[in-house]
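For reference, the structure is listed below as structure tokens.
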Amino acid sequence: MSRNVQSILTGILTGNYPCSLSTREWRDLILVARANSLLPRVAAFILNDVKCNLQVPTNVNAHLIASLRHETLFHNQVKDEVNFVNAKISRALNRNLIVLKGAGYVVASSRAAKGRIFSDIDLLVLKEDVSKVERALHLFGFVSDTDSEYDQKYYREWAHEIPPLRHLQRGTVLDVHHNIVPLVSGRAPDIEIFLKSTVKTEYGVEVLRPAAMFLHSAIHLFFSEEFTNGFRDLSDLSLLLDEIIYDDVELSYLFSLAENTGFENELFLAFRYLEKIFNKQISAHIYQCFKQPLPTGIRLLLSDFIFGKVLAANHRLVDVKFRGLAQWLAFVRGHLLKMPFNILVKHTASKLWRGIVKSVTGDVENRHHVQRKDIKD
């Protein structure tokens, strides 16, 4: 009988390789890894780790080599784009540009950069610099990805970022943040704390230091309402944890940062599901570092039900009972975290109404919006 494909995948992603794989297991591994945006990372582990002794079939090797080439090209493009953006907007900033998440992993040469593919580049700037940065980016071909009046209002009044900006010719998408969670959530931290938790890179931009990078990744995952890439994001956390788990200074800073910004619960959830899903060894003394009481009882059972299912690899070959219910609960939970109930009702009603109108009349709001396909080379 074929082994569970998720257990094979998590084993490879944590350096615990099987001795061999059957033809069917290789097929399932490729399918599930690709569906979860993890094929380049799997390829990097299998082909570049000297500890891996798997005999890779020729046809599988072709997939792995191709995904590594894609990763190399993509990462080079990301570095070029970061250099371009930084050169164009640096004069508009009162401090160095900070690059977050996937692009941050790449320019920091973090372990989490291994095989990491993503759709946009996330930037963090001071709130007072946002309008200047946006104007500067407009001058160099970046335009708002939406002309919807409601979306513009939502982003600018309630969110922690402006609407995504897309380059007219290259198609690069930038997410310009001034905080790490929506302001309307009531949990947006004093961003100065994160601004003081950065290191400079060889590209002239800054990234979060390893402890802050881990915490931000945990916040981004467990403050979300949508988990299509949840398994990949948990893999990121696994690799980021490897960078700090034996570093007492970074670990101490991690807990201090979580306490000072109010995100101890998100940190606890990261540790718990790295243990449960990725089989990471989290020692008991780690949990003793939390200052606030840890979740217990019904609250913990509900968290386990939701995250044990939505963070599983997302593919039909990974059979997860009640995944749909867990996804719905996670969707509701995420929205309640991001906005008060009265605003959530208004937001949901507006989205529903606009969806109905769009289905009848087409995308009227964005019909005149310039897309990349409208630009002649």
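Quick check on residue 83: is it under 30 Å from residue 139 (Cβ atoms) and in contact with a Gly (Cβ under 8 Å, 6 or more places away or on another chain)? Outline the logic, then answer.
Details: under 30 Å from residue 139 (Cβ atoms): yes; in contact with a Gly (Cβ under 8 Å, 6 or more places away or on another chain): yes.
Taking the combined requirement at face value, the residue satisfies it.
Quick one: is residue 199 outside any helix (DSSP H, G or I), open to solvent by less than 20 Å² (accessible area, probe 1.4 Å) and either modelled with pLDDT of 90 or more or touching an Asp or Glu at 6+ places or on another chain (Cβ under 8 Å) (or both)?
Working: outside any helix (DSSP H, G or I): yes; open to solvent by less than 20 Å² (accessible area, probe 1.4 Å): no; either modelled with pLDDT of 90 or more or touching an Asp or Glu at 6+ places or on another chain (Cβ under 8 Å) (or both): yes.
Answer is no for this residue.
For every residue, the table says whether it meets (1) more than 23 Å from residue 122 (Cβ to Cβ); (2) free of Cβ contacts under 8 Å to residues at least 12 places away in the same chain; (3) in contact with a helix residue (DSSP H, G or I) (Cβ under 6 Å, 6 or more places away or on another chain).
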{"residue": "227", "(1), (2), (3)": "no, no, yes"}
{"residue": "231", "(1), (2), (3)": "no, no, no"}
{"residue": "246", "(1), (2), (3)": "yes, yes, no"}
{"residue": "256", "(1), (2), (3)": "yes, yes, no"}
Unmet requirement for residue 170, which otherwise passes all of (1) touching a residue at least 24 places away in the same chain (Cβ under 8 Å); (2) closer than 21 Å to residue 213 by Cα; (3) open to solvent by 30 Å² or more (accessible area, probe 1.4 Å): (2)
Number of positions in segment 179-196 that are over 17 Å from the mean Cα position of the chain (by Cα) and assigned to a loop (DSSP other than H, G, I, E, B): 6
Criterion (among the hydroxyl-bearing types (Ser, Thr, Tyr), in a helix (DSSP H, G or I) and within 12 Å of the chain's Cα centre (by Cα)) met by exactly one of 224, 235: 235
Leading residue by the ranking (farthest from residue 95 (Cα to Cα)) among those in segment 173-184 that are surrounded by fewer than 19 Cβ atoms within 10 Å (Cβ to Cβ) and touching a residue at least 40 places away in the same chain (Cβ under 8 Å): 184
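How many residues are part of a helix (DSSP H, G or I) and open to solvent by 50 Å² or more (accessible area, probe 1.4 Å) if we restrict to segment 307-321? Write out each step before concluding.
First, pick out the residues of segment 307-321 that are part of a helix (DSSP H, G or I): 307-310.
Still in the list and also open to solvent by 50 Å² or more (accessible area, probe 1.4 Å): none.
Residues flagged as part of a helix (DSSP H, G or I) and open to solvent by 50 Å² or more (accessible area, probe 1.4 Å) within segment 307-321 amount to 0.
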Selection within segment 246-263 - open to solvent by 80 Å² or more (accessible area, probe 1.4 Å) and assigned to a loop (DSSP other than H, G, I, E, B): 246
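Residue by residue through segment 322-355, note down the ones that are farther than 16 Å from residue 149 by Cα, open to solvent by 80 Å² or more (accessible area, probe 1.4 Å) and at pLDDT below 75.
Keep residues of segment 322-355 that are farther than 16 Å from residue 149 by Cα, which gives 322-345.
Keeping just the survivors that are open to solvent by 80 Å² or more (accessible area, probe 1.4 Å) gives 322, 325, 327-328, 331, 336, 341-342.
341, 342 - these are the residues of segment 322-355 that are farther than 16 Å from residue 149 by Cα, open to solvent by 80 Å² or more (accessible area, probe 1.4 Å) and at pLDDT below 75.
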Residue match in segment 220-239 (condition: closer than 21 Å to residue 41 by Cα, modelled with pLDDT of 95 or more, aromatic (Phe, Trp, Tyr) and open to solvent by 10 Å² or more (accessible area, probe 1.4 Å)): yes
Residue selected from segment 264-285 under the condition surrounded by fewer than 17 Cβ atoms within 10 Å (Cβ to Cβ) and among the hydrophobic types (A, V, I, L, M, F, W, C), by the criterion nearest to the chain's Cα centre (by Cα): 282
Enumerated helices (runs of 4 or more DSSP H) restricted to segment 41-158, each holding at least 1 residues that are open to solvent by 10 Å² or more (accessible area, probe 1.4 Å) and free of Cβ contacts under 8 Å to residues at least 60 places away in the same chain: 58-89, 130-139, 149-153
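Are any of the residues in segment 122-142 under 30 Å from residue 316 (Cα atoms), modelled with pLDDT under 95 and in contact with a strand residue (DSSP E or B) (Cβ under 9 Å, 6 or more places away or on another chain)?
Keep residues of segment 122-142 that are under 30 Å from residue 316 (Cα atoms), which gives none.
Taking every residue of segment 122-142 in turn, none turns out to be under 30 Å from residue 316 (Cα atoms), modelled with pLDDT under 95 and in contact with a strand residue (DSSP E or B) (Cβ under 9 Å, 6 or more places away or on another chain).
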Residue in segment 15-23 that is over 22 Å from residue 243 (Cα atoms), part of a helix (DSSP H, G or I) and open to solvent by 10 Å² or more (accessible area, probe 1.4 Å) present: yes
Residue tally, condition surrounded by 11 or more Cβ atoms within 10 Å (Cβ to Cβ) and in contact with a helix residue (DSSP H, G or I) (Cβ under 9 Å, 6 or more places away or on another chain), over segment 290-306: 10
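Look at residue 160 and say whether it is under 22 Å from residue 196 (Cα atoms) and either small (Gly, Ala, Ser) or modelled with pLDDT under 95 (or both).
Numbers: under 22 Å from residue 196 (Cα atoms): yes; either small (Gly, Ala, Ser) or modelled with pLDDT under 95 (or both): yes.
Yes, satisfied.
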Residue 60, sole failed condition from (1) closer than 23 Å to residue 207 by Cα; (2) in contact with a Phe, Trp or Tyr (Cβ under 6 Å, 6 or more places away or on another chain): (1)
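The values are calculated or read from the model by the stated rules, or taken from the named source; none is laboratory data. Since this is a predicted model, take the numbers as computed values, not measurements. Here the Cβ is made from the backbone with ideal geometry for all residues, glycine too, and neighbour counts use every protein chain on show. For the accessible areas, the whole protein counts, side chains as well, though only heavy atoms, and no ligand, DNA or RNA atoms are used. Shrake-Rupley method; radii C 1.70, N 1.55, O 1.52, S 1.80 Å.
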